Structures are given as C-alpha cells and as structure tokens.
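This report refers to the structure that appears directly beneath it.
Read the figures in this text as sums done on the coordinates, not as results from a lab. Fair warning: this is a prediction, and the values are worked out from it, not measured in the lab. Cβ sites come from the backbone with ideal geometry, for glycine too, and all protein chains shown count toward neighbours.
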Amino acid sequence: MKRIFSLPFLIIFSVLIGVISCQNKSEKATENSFLENQTSILQKDIVLPTSVQLQLSQKTQDIANTWADYKTFENELDNLKSSHYQDLVENASNLAKITKQLNDSIPPVFNENAIAARLNVLYTHTKMLEQVSQRQVKDTTLLKNNLEKVIIAFNNLKVQLNEVFLPSIEEFEAELLESIKSEDSVATKE
C-alpha cells in the first residue's frame, strides 16, 4: 500500500517540477527579450528638429567664456544633441548636476531675477530629463521631448543673458531723440 501512494506522489511531483522549470525558462526568455529590445532602442540616434540656436552677443559671450559652469553645460548639451539615447540616459544626471552648479556660480553681472528664474526653469527641465532617464522602461519619445525642453530653456537663458547688455528704455529713448535731432539739423542746413 505504501508503494501505491508513492508512485502517484512521484508522478505528480515530477509533473509539477517540469511545469515550474518551463515557466522559469519562459520568464527568463521574456526578460532577455525585453533587455535586448531596450538596448536596441537606446542605440538609436537622437533626431531633434532643426531649430535656430540663439547666439550670445559679443559682450555677453566674453563674460560667458569666463563662466566655467556655463561653458561646461553648453558643451555637454551640444554633445547630447548629436548622440544616442544611451548617452542621454547615462549623462542626464550629470547634466542636472552641472545645472545646479550653474545656478550656484552666477557671475555678479548676471545676478538678476530674470536670469535666476531662467536658471530655475533650466534646472527643473534637467531634473525632469533625469527622472525620465532613470525609469526602468525607457521611452525615447519622452527622452527626446524632455531634451527639447532643456534646449528651449537654455535658449531662453541665453536671451536673458543677452538682455543684460541691451540699453534700457530710457537710454534707447535718449538715443532716438538724439538721432531725430541730428536728422532735423541736417535737414535744416539743406
């Protein structure tokens, strides 16, 4: 009688072991397939829409060249524009750290509320990019959209930096009045 109970027990036990091992193999195959898919997606080039890159005025550029964190951020961003998604994922945290340093090292001539606001927006967008890059499942559309937002925020920062050296409204009005007076004096001489 003992043997009768042992034989069915062994058969059931063998079937259960077989089912469990097949299930583990399929889970591993699915996991490997997922990892291969993610790797192939991240090896694609980042294709950004062509947009106008704002240039700094000469005076602004001279001061920005002495701002090491600004140049570092600019170089990192330029490198990411022409790279793979994998590079973007790997460097997103670094970009956020550089943005924080950029915010902490503003030259005195650029220490204005408008520039600080643009730096905060830039920092926010780099942190959002960092969060998207740390997700388990990488979405290239989200990565690309967040990178575009970082680029736009950086261009907006450049606008604010250029505006530091633009003449004020009062200076512009005085220059305009002087120009009109000189034209009037030339017209009356004729």
Checklist entry - Applying 1/(1 + (r/R0)^6) with R0 = 35 Å to the Cβ-Cβ distance of L177 and D78, what FRET efficiency is obtained, to the nearest 0.05? => result 0.25
Item to check | Karplus-derived 3J(HN,Hα), 6.51/-1.76/1.60, for each residue of segment 69-82, Hz, glycine and proline x | outcome: 5, 5, 5, 4, 4, 4, 5, 4, 5, 4, 5, 6, 5, 10
Checklist outcome for this item: For segment 131-139, Karplus-derived ³J(HN,Hα) couplings (6.51, -1.76, 1.60; θ = phi - 60°; whole Hz; x for glycine and proline) come out as 5, 5, 6, 8, 5, 5, 9, 7, 10
